[in-house]
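A.B. asks: There's a structure below that I have some questions on.
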Amino acid sequence: MRLTIISKINYTKLLFAASKTSASSLKIFDRKTKLKQRNWAAAHPDFDVCQYVKDEIGYRVADKVFDLTKFNDIVLDLGCGGGHIGQHLIKENVGVLLQCDMSEGMIRKSKGAPEDELPTLRVIGDEEKVPFKSQSIDLIVTSLSAHWINDLPGWFQRCYNILRPDGAIIGALLAGDTLYQLRVALQLAENERLGGMGTHISPFIDAQDIGGLMNKAGFEMITLDSDELEIGYPNMFALLYDLQIMAESNSTIKRTASLRKDVLIAADSIYRIMYASENGYPATFQIYSFIGWRPGQKGPQKAAKRGSQNVSFKDLSEVIENPDKFVPSKK
């Protein structure tokens, strides 16, 4: 792990721990391949123009940070990529921004917070291992990076461990039916041409699994929501080109090494016939957002127990007009 300090503040002893945690033995994604993809994408001249999906979701994650009422001294952006979250953060509720990504190319391209808002530290380190000291971070943000983590249960646990009491994690990842049009077109084309199907689109987690993993790690007051972005492309090859420069190409260990030219041409035709409209070839990105809290004295209060209410919904208008009537008397 390497550290590049952009500000004059030295948080090294406070934050960074020797990496004793190891990922699960179950490997789905080839992290070395993903590292090469990110470094290659960061060096591409069209990198900035192809980050529209990540920029949009990064802004949405940052928007949720604005809603926090507590001040966060140290905010960690795990898997920061090109800095899609940090550029939107402000000093009103953030003290220092720490960006972490395993790709040196991405770290060098990363956009930090505006200089007049708050200092930015950048770390070249594997975000899957979360190499930071226990209870050293006030807030973790992450955008479109966690879907490449092999050991998601362990990753959520490690995130929980480095959060201080009352700390939170706010994130978003690709999941569910993301790029289902591309998946179907490639599978049908390959089956028709070769009599079988390879693995060309990475598997994605389901929404219900995210909540379970966060709860098991110890997070409370978990909030989940889903959204979709549908973007039109002139053809399938334009989509594949942009995915490469987003560093979102397939990196599963059992992926098929290559695609024949005739399969790609057939897939483009199938894509056009099945899904294309006047807006082009639609590509769906399904995004699952999550928020979870490490319990503490000042954090959000737990939900009341079922049956503990003393006011009915039918009395809601009266509660608004005369709230003192419903406040329990102190004995």
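A.B. asks: Are there any pairs, at least 6 apart or on different chains, whose C-beta atoms fall under 6 Å, with the first in segment 304-327 and over 29 Å from Glu220 (Cβ atoms) and the second open to solvent by 80 Å² or more (accessible area, probe 1.4 Å) and modelled with pLDDT under 75, and if so, which?
C.D. replies: Pairs found: none.
A.B. asks: Identify the single condition in (1) at pLDDT below 95; (2) of a type outside the set (Phe, Trp, Tyr); (3) part of a helix (DSSP H, G or I) that Gly105 does not satisfy, given that it satisfies every other one.
C.D. replies: (1)
A.B. asks: What is the number of the single condition among (1) among the aliphatic types (A, V, I, L, M); (2) assigned to a helix (DSSP H, G or I); (3) touching a strand residue (DSSP E or B) at 6+ places or on another chain (Cβ under 8 Å) that Ile231 does not meet?
C.D. replies: Answer for Ile231: the failing condition is (2).
A.B. asks: How many residues are basic (Lys, Arg) and modelled with pLDDT of 95 or more if we restrict to segment 243-295?
C.D. replies: From segment 243-295, those basic (Lys, Arg) are 254-255, 260-261, 272, 294; that's our starting set.
Applying the additional criterion that residues be modelled with pLDDT of 95 or more yields 272, 294.
Of the residues in that region, 2 qualify.
A.B. asks: Also, I was wondering about something else. So Arg164 clears everything in (1) more than 19 Å from the chain's Cα centre (by Cα); (2) under 28 Å from Gln244 (Cα atoms); (3) not in a loop (DSSP other than H, G, I, E, B) except one condition, right? Which one?
C.D. replies: (2)
A.B. asks: If only one of Gln135, Gln87 is in a helix (DSSP H, G or I), polar (S, T, N, Q) and either open to solvent by 20 Å² or more (accessible area, probe 1.4 Å) or closer than 25 Å to Leu26 by Cβ (or both), which one is it?
C.D. replies: Numbers: Gln135 fails: in a helix (DSSP H, G or I).
Answer to the selection: Gln87.
A.B. asks: Looking at this structure, is Leu239 under 25 Å from Phe47 (Cα atoms), surrounded by 13 or more Cβ atoms within 10 Å (Cβ to Cβ) and either touching a residue at least 60 places away in the same chain (Cβ under 8 Å) or not acidic (Asp, Glu) (or both)?
C.D. replies: On the way: under 25 Å from Phe47 (Cα atoms): yes; surrounded by 13 or more Cβ atoms within 10 Å (Cβ to Cβ): yes; either touching a residue at least 60 places away in the same chain (Cβ under 8 Å) or not acidic (Asp, Glu) (or both): yes.
Yes.
A.B. asks: List every residue pair whose Cβ atoms sit under 9 Å apart, with the two residues 6 or more apart in sequence or on different chains, where the first one lies in segment 263-275 and is under 14 Å from Leu179 (Cα atoms) and the second, anywhere, is crowded, with 19+ Cβ neighbours inside 10 Å and of a type in the set (Asp, Glu).
C.D. replies: Ala267/Glu190
A.B. asks: Now, a different point. If only one of Ser249, Ser269 is outside any loop (DSSP other than H, G, I, E, B) and either farther than 29 Å from Ala146 by Cα or not acidic (Asp, Glu) (or both), which one is it?
C.D. replies: Details: Ser249 fails: outside any loop (DSSP other than H, G, I, E, B).
Checking each option against the conditions leaves just Ser269.
A.B. asks: In this structure, does Asn215 turn out to be surrounded by 14 or more Cβ atoms within 10 Å (Cβ to Cβ) and either among the polar types (S, T, N, Q) or within 15 Å of Thr284 (Cα to Cα) (or both)?
C.D. replies: Details: surrounded by 14 or more Cβ atoms within 10 Å (Cβ to Cβ): no; either among the polar types (S, T, N, Q) or within 15 Å of Thr284 (Cα to Cα) (or both): yes.
The answer is no for Asn215.
A.B. asks: While we're here: Quick one: which residue in Gly171, Gly195 is without any contact (Cβ under 8 Å) to a residue 24 or more places away in the chain and either under 22 Å from Ser249 (Cβ atoms) or open to solvent by 50 Å² or more (accessible area, probe 1.4 Å) (or both)? Please lay out each step first, then the result.
C.D. replies: Values: Gly171 fails: without any contact (Cβ under 8 Å) to a residue 24 or more places away in the chain.
Going through Gly171, Gly195 in turn, just one is without any contact (Cβ under 8 Å) to a residue 24 or more places away in the chain and either under 22 Å from Ser249 (Cβ atoms) or open to solvent by 50 Å² or more (accessible area, probe 1.4 Å) (or both): Gly195.
The values are calculated or read from the model by the stated rules, or taken from the named source; none is laboratory data. Just so it is clear, the structure is predicted and the values come from calculations on it, not from any experiment. So basically every Cβ, Gly included, is an ideal-geometry build from the backbone, and we count neighbours across all protein chains shown. These area figures cover heavy atoms from the full protein model, side chains too; ligands, DNA and RNA do not enter into them. Shrake-Rupley method; radii C 1.70, N 1.55, O 1.52, S 1.80 Å.
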